[in-house]
Amino acid sequence: MATEKWYTRPVFFVTDAEVSYEFYTRTLGFTEAWAYREEDRRRVLQVNRGTDCELILNQTPEKAGHSRIFVSLEADELENFKTELAQNKIPFEHTSWGYPMLAIRDPDGNELFISNVVD
């Protein structure tokens with residue numbers, strides 16, 4: 001059987017897509033790939049970081065704050081990201097999910113768990 005290659009884009013439900021846009025682009029260094037707008041305000045958008053991290057932010061207040069994504073970085077990338085967090089005074093917590101991770105929470109409480117690549 002041929003190996004399947006799945007393409008995924010997780011969705012974080014947020015209270016206000018404009019606030020989330022600011023957090024992900026200005027605070028965490030993501031870029032906007034596209035956005036759906038109503039009344040000239042973002043309602044759904046995709047933000048990317050690098051070539052392999054895509055995240056959809058969907059303004060659905062009643063579902064906001066209950067999502068989590070796991071991001072694995074090579075050791076040097078993780079160290080560079082930690083330095084970036086410190087330099088920009090971005091709050092994070094040390095946590096564990098069977099191995100050490102950094103936890104970053106967006107304004108709604110959605111979580112990005114970031115770790116070193118685990119074999």
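A short reminder: the numbers here are calculations on the coordinates, not readings from a lab. Given the structure is predicted, the values throughout are model-derived calculations rather than measurements. Please note: Cβ atoms are built from the backbone with ideal geometry, for glycine as well, and neighbour counts cover all protein chains shown.
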- Message: Among DSSP bridges having both ends in the chain, what percentage is antiparallel? Round to the nearest 5.
- Response: 70
- Taking placed amide H atoms and a strict 5 Å upper bound, the residues 5 or more places from G65 or on another chain that come that close are F13, N110
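Quote the FRET efficiency, to the nearest 0.05, computed for W34 versus N116 with a Förster distance R0 of 35 Å and r equal to the Cβ-Cβ distance. Don't jump to the answer; show the numbers that get you there.
Numbers: r = 31 Å, r/R0 = 0.88.
With a Förster radius of 35 Å, E is 0.70.
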- Counting each DSSP H run of 4 or more residues in the chain as -39500 (n - 2.57), what helix-only mean residue ellipticity at 222 nm follows after dividing by all residues, to the nearest 500 deg cm²/dmol? -4500 deg cm²/dmol
- Note on the structure: In nanometres, the difference between 0.36 nm per residue of separation and the alpha-carbon distance of T95 and R9 is 28.6 nm
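Taking the convex hull of the Cα atoms, report for the range 11-116 its projected area averaged over all directions, in nm². Present the calculation step by step, with values, prior to reporting the outcome.
Working: hull surface 26.3 nm².
Answer in nm², one decimal: 6.6.
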- In whole angstrom, note down how far apart the Cα centers of the range 1-53 and the range 82-119 are. 18
- Item | the range 59-119: chymotrypsin sites (Phe, Trp or Tyr not before Pro) in DSSP coil with no more than 12 other Cβ atoms inside 10 Å | W97
- Task: Calculate how steeply helix 75-87 sits against the longest principal axis of the alpha-carbon atoms of the chain, using the helix alpha-carbon long axis, and give the answer as 0 to 90 degrees to the nearest 10.
- Result: 50
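Mind sorting I69, I104 by how few other Cβ atoms lie within 10 Å of their own Cβ, fewest first? Mind dumping the intermediate values first?
Details: I69 14, I104 19.
Lowest to highest Cβ neighbour count: I69, I104.
Could you compute the net charge surrounding H66? Neighbours are other residues with a C-beta less than 15 Å from the C-beta of H66; K and R count +1, D and E count -1.
On the way: positive: K63, R68, R105; negative: E62, D106, D108, E111.
Here the count lands on -1.
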- Task: Describe numerically, in nm with one decimal, the distance between label points set 7 Å from Cα along Cα→Cβ at E22 and at A103.
- Result: 2.6
